[in-house]
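For reference, the structure discussed in these notes is given below.
The values are calculated or read from the model by the stated rules, or taken from the named source; none is laboratory data. Since the model is a prediction, treat every value here as computed from it, not as a measurement. Cβ placement follows ideal geometry from the backbone for every residue including glycine, while neighbour counts extend to all protein chains displayed. Ligands, DNA and RNA are excluded from the accessible area calculation, which covers all protein heavy atoms including side chains. Shrake-Rupley method; radii C 1.70, N 1.55, O 1.52, S 1.80 Å.
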Protein chains: 2
Amino acid sequence: MKAEIIAVGTELLLGDILNTNAQFLSRELAALGITVHYQSVVGDNPERLEGVVRQARSRSDLLIFSGGLGPTEDDLTKQTVARAYGDTLRFDEEELEHIRAFFAKSGRTMPENNRRQAMVPTRGRKIPNANGTAPGMIFEDGQQAGKYAVLLPGPPKELQPMFLDSVRPWLAAMSDSVLHSMTLRVAGLGESHLEDKVAHLLRGENPTAALYAKTAEVIVRITAKAQTKEKAQEMCRSYAQKFYDILGDCIYTDHADSLEEVVVSTLAERGMTLATAESCTGGLVSQRITAIPGASEVFSYGACTYANEIKERVLGVKHETLEACGAVSPETAAEMAQGVRKAAGADIGVGITGIAGPGGGTKEKPVGLVYISACSADAVYVKRIVVPNRTREVVRISAAQHALEMVRRLALSLEQPGCSRFAPGKAAHMETAE
Amino acid sequence: MKAEIIAVGTELLLGDILNTNAQFLSRELAALGITVHYQSVVGDNPERLEGVVRQARSRSDLLIFSGGLGPTEDDLTKQTVARAYGDTLRFDEEELEHIRAFFAKSGRTMPENNRRQAMVPTRGRKIPNANGTAPGMIFEDGQQAGKYAVLLPGPPKELQPMFLDSVRPWLAAMSDSVLHSMTLRVAGLGESHLEDKVAHLLRGENPTAALYAKTAEVIVRITAKAQTKEKAQEMCRSYAQKFYDILGDCIYTDHADSLEEVVVSTLAERGMTLATAESCTGGLVSQRITAIPGASEVFSYGACTYANEIKERVLGVKHETLEACGAVSPETAAEMAQGVRKAAGADIGVGITGIAGPGGGTKEKPVGLVYISACSADAVYVKRIVVPNRTREVVRISAAQHALEMVRRLALSLEQPGCSRFAPGKAAHMETAE
């Protein structure tokens, strides 16, 4: 089945908004084994819209529209598509009630022009909208059986649930094969290094595997095609095992959405707690941890100690350490981690200090240099990273990512590759672990 | 001049990446007074690409392509466009040197297939790429004078500077009118409330003004068209004055990109310092503040005090306050703000406590309830917000935004609408300021 995604809206052509619907729909269709050959955007202009609809209908089996269903837009999209697919629109009393009720729920009266949204296909079918007033609709081609146009409202919070609840099941029922995807997330290995290790696994045809580099992590996406969902899942799982065999515990999840989610659940499972002391990351780690529901179970205190004086007073970093080694040093990072761990009475402490830029760098301590420490009662680890030629934002995100990965490894008693280790309290002397 | 934006890349059709280039280019072209009628995306497929190029050339004066210039993609885009525009490609020795040098700079050797990137138009012209290996190029139509195709590399960090440095000046020189835009950012007023106040200003034709709602702020974009840049700027400025006359100090900037940027510069100008104590926002405020270069001048300490015990120990929140009023209360927010202000020796303190959800709500204290306090030596303000039916993320962003706006107003000695005010130390008794 060849598909095409068409967004209707002048605001897209003006660059006022980003076409996130096209990405969402493309990804969902790919997962259903439906190939998208084109995406296009056209404005609220009758002639140009009609031209786009006519052409798309001639070359694709399935057209998915987003937007153009608002009450002020003169039903442009609905009428144009209805005409092209040999259908007409009828007024739907039940839909009008739904629209009225939707307004009433938020204490408003329905404006008269919202009546237009109650016009639905005569031969095709309407799709209920649980999160807005415009119903979606499906038109079947009057001349060519098995060719469809699906109209969805523009706002993602209406489009996405409507697609997932009503359109996806309908498309899945028509398809004779199912795609299933699995995502492995890898921390602590750069993309090119990772690619070297798993190059032979990236050439498969079914399942396929592809790498996507993000800031300080790499995502491996495995996709399998099979007759049933169960079979496709099983194919993904066994292919994933090949990655586990090579990458081991560098794969930090095959189901969670982020490293902070894994950190929170890992700590919770082990009944452990975390406290953070951040300088250059300014609270990014605590913010990411506390973005996860239930973080309060494992996290009690994050100190964003930007000034040296605060590092001393709040965390107990020694004045001599700051004088002798500087605020950006392994020693300060280690004392920050130990200080906040003690202050919070937590199991694990984190300390981060570095130069995020754009100013403040020197030859010895360049912009992008960050020291990250994670400590428990038994051990203190410090990692030195240099993120070169990057923005302040990337330096901060990278540092936070490394810190979270060190916490995960500490909680799971895994090795800490690339870190120096020393005994608690001995901040001034560093031995290299590997 | 009618333009059309065409992205080439299978990864877009699979939904692996978001088409941010289309938004960037659309916005830039709109600012130049060039109308974009279509955006489209097509894969790395010769026939389909050729069809798209042929059609676009027939209906538009200017085609801007992004992507499809990589070394492994067989020069598909270049050759197809060259053919359609009656041009050929030639090998460019100088370009090859540039590509070799680019690899050498990062200590790598140029792979053989990157030679292809040195193929440039024979009649058209190449555009230097300061941030990558693939040059951009401009083809002029061999049959129809004044019709062009511009090819740009896909990665935004290559495409954006190339467009701004080389393509925009060239297009501006061809245009006979200039668009200029100005962005006003408004905090503390909801979109519909704002719309009521300025409805009559949104109907103008030149300048135009439009509202864009973001989480806890609204953006007003004013755009004017004139013969010269100076004239268009002047038109924007006088139209902006009409908004200032109505909205006054609710407009927090007409030039900065974010509220945190304004807060940091406002504090710096006044030689004031800030400290924050955050519970439900988990460090979001400190993270936003420290994302701004130079934040260390005005910010010394952010305490993310998630646990009650830490609120007492680190901030000096009274045990009786937590017992009697609860952690989520105006009293606790006020004591947090005053406690962190004192701990840091700062001019302004912020305290935030609330229920970000999804769990933890009760009938009296529902999910979305947040108390935000900002205090100076002379006064303590507390604001109560309820963000209903929203995600944890939106509750946190809204709370952080309100906190930053209260800090801005405190630093500028402005009124604090919607806040209760009481004397420092008197946390338990709240009088309403308005």
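Here are the numbers for the structure shown:
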| read-out | value |
| --- | --- |
| Positions within the range A:176-192 being in a strand (DSSP E or B), closer than 30 Å to residue A:416 by Cβ and not hydroxyl-bearing (Ser, Thr, Tyr), in sequence order | A:182, A:184, A:185, A:186 |
| Every residue from the range B:83-113 that is open to solvent by 60 Å² or more (accessible area, probe 1.4 Å) and in contact with a strand residue (DSSP E or B) (Cβ under 7 Å, 6 or more places away or on another chain) | B:90, B:91 |
| Count - residues of the range B:367-382 that are under 17 Å from residue B:326 (Cα atoms) and open to solvent by less than 10 Å² (accessible area, probe 1.4 Å) | 6 |
| Test set (1) among the aliphatic types (A, V, I, L, M); (2) open to solvent by less than 10 Å² (accessible area, probe 1.4 Å); (3) facing chain A (nearest Cβ under 10 Å) - residue B:348 fails condition number | (3) |
| Any hit, the range A:358-366, residues being crowded, with 21+ Cβ neighbours inside 10 Å and not charged (D, E, K, R) | no |
| Helices (runs of 4 or more DSSP H) contained entirely in the range A:1-80, each with at least 3 residues that are within 22 Å of residue A:131 (Cα to Cα), within 10 Å of chain B (Cβ to nearest Cβ) and open to solvent by less than 40 Å² (accessible area, probe 1.4 Å) | A:20-31 |
| Residue A:126 being charged (D, E, K, R), modelled with pLDDT of 95 or more and open to solvent by 20 Å² or more (accessible area, probe 1.4 Å) | yes |
| Of the criteria (1) modelled with pLDDT of 95 or more; (2) over 30 Å from residue A:394 (Cβ atoms), which one residue B:405 fails | (2) |
| Residue among B:134, B:173, B:145, B:224 that alone is part of a helix (DSSP H, G or I), over 20 Å from the mean Cα position of the chain (by Cα) and of a type in the set (A, V, I, L, M, F, W, C) | B:173 |
| Residues satisfying the stated conditions in the range A:316-335, i.e. hydrophobic (A, V, I, L, M, F, W, C) and either under 37 Å from the mean Cα position of the chain (by Cα) or at the interface with chain B (Cβ under 10 Å from one of its Cβ atoms) (or both) | A:317, A:327, A:328, A:333, A:334 |
| Strands (runs of 3 or more DSSP E) within the range A:358-431 that include 1 or more residues away from chain B (no Cβ under 14 Å) and under 27 Å from the mean Cα position of the chain (by Cα) | A:369-375, A:380-386 |
| Test: residue B:232 is away from every other protein chain (no Cβ under 13 Å) and not acidic (Asp, Glu) | yes |
| Residue in the range A:129-144 that is open to solvent by 60 Å² or more (accessible area, probe 1.4 Å), β-branched (Val, Ile, Thr) and under 25 Å from residue A:42 (Cα atoms) present | no |
